[in-house]
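Okay, so here's the structure we're looking at.
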Amino acid sequence: MKKFIYLLMTLLGFGAVSCEQITEEVSGEYGVPHVNFSLKARVVDEAGEPIEGIKVRVDWVEEYTNQDGEISINDSVYTGSITRVRFEDVDGEENGGEFETLTLDITDKVEKTEDGYGGWYDGAYKAELGDVTLTLKTEATEVENQ
């Protein structure tokens with residue numbers, strides 16, 4: 001009987017997941033409350049020069065900065081994921097050096113622009129971050145990460 005219940009649960013989409021397995025990289029799935037989210041930012045180095053090719057991630061949505069270091073994301077994301085944005089250098093030296101990954105808590109910059117209508121849709125939000133500065137990795141940082 002136990003095997004039948006496990007099989008039935010698997011077919012219905014239930015898995016053996018404990019709270020300890022959930023990390024900050026959890027993204028929304030079907031049936032999870034969501035919002036429409038708009039993010040604008042410009043990614044620069046410490047000298048104020050734009051950085052192209054930086055991967056910017058909100059929930060499961062990933063976009064890359066353009067040649068002016070600008071990023072614009074407009075997508076539907078998990079309700080609880082609009083308070084963190086991750087900036088990651090994925091192309092190494094190509095964009096003027098290797099930059100450290102930065103995860104920002106943007107809770108104080110998120111503004112509600114539309115009410116939800118109940119159910120799974122919690123409304124629309126936006127965040128305009130202005131310039132986001134990334135720092136170059138140092139040799140000490142690279143040794144720590146290995």
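We did not get these values from a lab; they are worked out from the coordinates using the rules stated. Predicted model, so just to flag it, every value in this text is computed and none were measured. As a convention, Cβ positions derive from the backbone with ideal geometry for all residues, glycine included, and neighbour counts pool all protein chains shown.
A few points about this structure:
- Net charge dipole size for segment 51-146 [Lys, Arg +1 and Asp, Glu -1 on Cβ; Debye, nearest 20]: 440
- The gain in end-to-end length when the GLU62 to LYS112 segment is fully stretched comes to 15.8 nm, 0.36 nm per residue minus the alpha carbon separation.
- Gained length - GLU70 relative to ASP131, 0.36 nm times residue gap less alpha-carbon distance: 21.1 nm
- Distant-in-sequence amide H partners of GLU114 (H built 1.01 Å from N, under 5 Å): ALA124
- Rounded, prolate or oblate (a/c below 1.5 giving rounded, otherwise prolate when a/b exceeds b/c) for segment 88-127 by Cα gyration tensor: prolate
- Label-point gap, in nm, between LYS55 and GLU100 - each point 7 angstrom along Cα→Cβ: 2.0
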